[in-house]
Amino acid sequence: MNDPEEILNVLVIEDNPDDAELLLREFKRAKLAVEAQVVSNAGAIVAAFAEGDWDVVLSDYNIPGTSFSHTLSLAKEADSHMPVIVVSGAVGEEVAVQLMREGASDLILKHNMSKLVPIVERELNVAEQNRARRESERRFMDIVMASADWVWETDSGHRLSFDMGGREQAEWSDPLRALGRTHWEAVGADPEVDTNWREHKRVLDSHEPFRDFRFCFTSPVGQEYHISMNGIPVFSRSGNFQGYRGTATDETLVVDTYMRAENAEVRLRDLIENLPHGVLVSDERDKLVAVNRTWRQLYSEIAGLLRPGTPYAAIEQKLGELGTVVRKVENGEGKLNGNGRTPESIWTLPGGQRLLVSEGRMRNGGRIQLQTDVTTICAG
């Protein structure tokens, strides 16, 4: 008890009123504020636990009509960390050992009551520490179970000893399948063959921390998973390696989304690259992003400018200097209309080739230009 003003709720289980008074007198002598209830039979004991909220229980181990084991079970049911201290006149060593095995916090002989208050204070502090530790563990478990990730521990042989959380998506994280095995065994990998796992095992054997170790595997039902893991080595106080603690993330959805987007971009680039029309794309600052093969072939003389980051104005100026663009149609000077497009222009190249040029602004502010060969059409 750290607060001297705190009231201590004490349940005294004693069928001898004089002995009960002797107990309470020790609290008064220590100037502790105590609210106590004395009970002396089985029915009163059950009622006291049902109705009261006790900080500590002081009980004779031999109460007629009941047993200390029953008292202890009632106390632990009410609060698993509640101190239950046996106070008895005479207890043999064998009985004392049995009481402690059953869960008694301590044992005090009635002829040595000077130890009562120090023992009660000690056991209350122990109970408070145990409750704080239990709350910390509960908080940790709540976070783990609410997280999309899972946490794991391995022993000194890199075998999984703890695995929890994130289990609904990744089959390999099921403790029934993974505990007692290494991560690579759990996913069917062989470090002797797989260079990715070989390097990871080297890190583990060197007891180094690691971040973002990524691997993929295929489940028995054909589902491919992409996993990212972090881990730190754990050592005993004497410096002996004990294993690893870490977290793991199922990145399957992220990887799949990225691959689909990358594949879509590749398909789009391939499509644009192979169009028979010249295509030029610039960003919102009018700097070149890309031109396709047809555009490069049309203006091969300025190939050195056709690289990402070149201002479009520089490209247009160079074309003008070379006399590439001979004529534009009326109102075709690059001013945007209400639809974000310029009127179509006819560009005539030195060799007589004519191009229908159309430009527009994309939603991100960038420019897209399309050039179509209309030489035959214009000649007709």
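Give all pairs with beta carbons closer than 7 Å in which a residue from the stretch 283-305 that is closer than 19 Å to THR348 by Cβ and touching a residue at least 40 places away in the same chain (Cβ under 8 Å) meets a residue that is surrounded by 14 or more Cβ atoms within 10 Å (Cβ to Cβ) and not aliphatic (A, V, I, L, M); count only pairs at least 6 apart in sequence or on separate chains.
That search, which allows pairs on different chains as well, returns THR294/HIS277; THR294/GLY278; TRP295/GLY278; TRP295/GLN371; LEU298/GLY278; LEU298/GLN371.
Does GLY52 fit the bill of being exposed (fewer than 13 other Cβ atoms within 10 Å of the Cβ) and either in contact (Cβ under 8 Å) with a residue 24 or more places away in the chain or more than 46 Å from the chain's Cα centre (by Cα) (or both)? Talk me through it step by step, then tell me what you get.
Numbers: exposed (fewer than 13 other Cβ atoms within 10 Å of the Cβ): no; either in contact (Cβ under 8 Å) with a residue 24 or more places away in the chain or more than 46 Å from the chain's Cα centre (by Cα) (or both): yes.
Considered against the rule, which asks whether it is exposed (fewer than 13 other Cβ atoms within 10 Å of the Cβ) and either in contact (Cβ under 8 Å) with a residue 24 or more places away in the chain or more than 46 Å from the chain's Cα centre (by Cα) (or both), GLY52 comes out as no.
Which condition breaks for GLY246 when tested against (1) under 30 Å from GLY366 (Cβ atoms); (2) surrounded by 14 or more Cβ atoms within 10 Å (Cβ to Cβ)?
All conditions are met except number (1).
Is at least one residue of the stretch 13-36 in a strand (DSSP E or B) and closer than 27 Å to GLU93 by Cα?
Here is the first cut: in the stretch 13-36, the residues in a strand (DSSP E or B) are 13, 34-36.
Narrowing further to those that are closer than 27 Å to GLU93 by Cα: 13.
There is at least one residue in the stretch 13-36 that is in a strand (DSSP E or B) and closer than 27 Å to GLU93 by Cα.
Residue under question is ASP55, and the condition is that it be in contact with a Lys or Arg (Cβ under 9 Å, 6 or more places away or on another chain) and among the acidic types (Asp, Glu); does it hold? Don't jump to the end; show me each part of the working.
Values: in contact with a Lys or Arg (Cβ under 9 Å, 6 or more places away or on another chain): no; among the acidic types (Asp, Glu): yes.
No.
Taking the criterion of being in contact (Cβ under 8 Å) with a residue 40 or more places away in the chain, assigned to a loop (DSSP other than H, G, I, E, B) and in contact with a helix residue (DSSP H, G or I) (Cβ under 9 Å, 6 or more places away or on another chain), would at least one residue in the stretch 194-216 satisfy it?
For the stretch 194-216, residues in contact (Cβ under 8 Å) with a residue 40 or more places away in the chain, assigned to a loop (DSSP other than H, G, I, E, B) and in contact with a helix residue (DSSP H, G or I) (Cβ under 9 Å, 6 or more places away or on another chain): absent.
Going through the stretch 320-363 one residue at a time, which ones are under 58 Å from the mean Cα position of the chain (by Cα), in a loop (DSSP other than H, G, I, E, B), at pLDDT below 85 and within 24 Å of ARG293 (Cβ to Cβ)?
THR342, GLU344
The values are calculated or read from the model by the stated rules, or taken from the named source; none is laboratory data. Here the structure is a predicted model, which means the values were calculated and not measured. Note: ideal-geometry Cβ built from the backbone for every residue, glycine included; neighbour counts use all protein chains shown.
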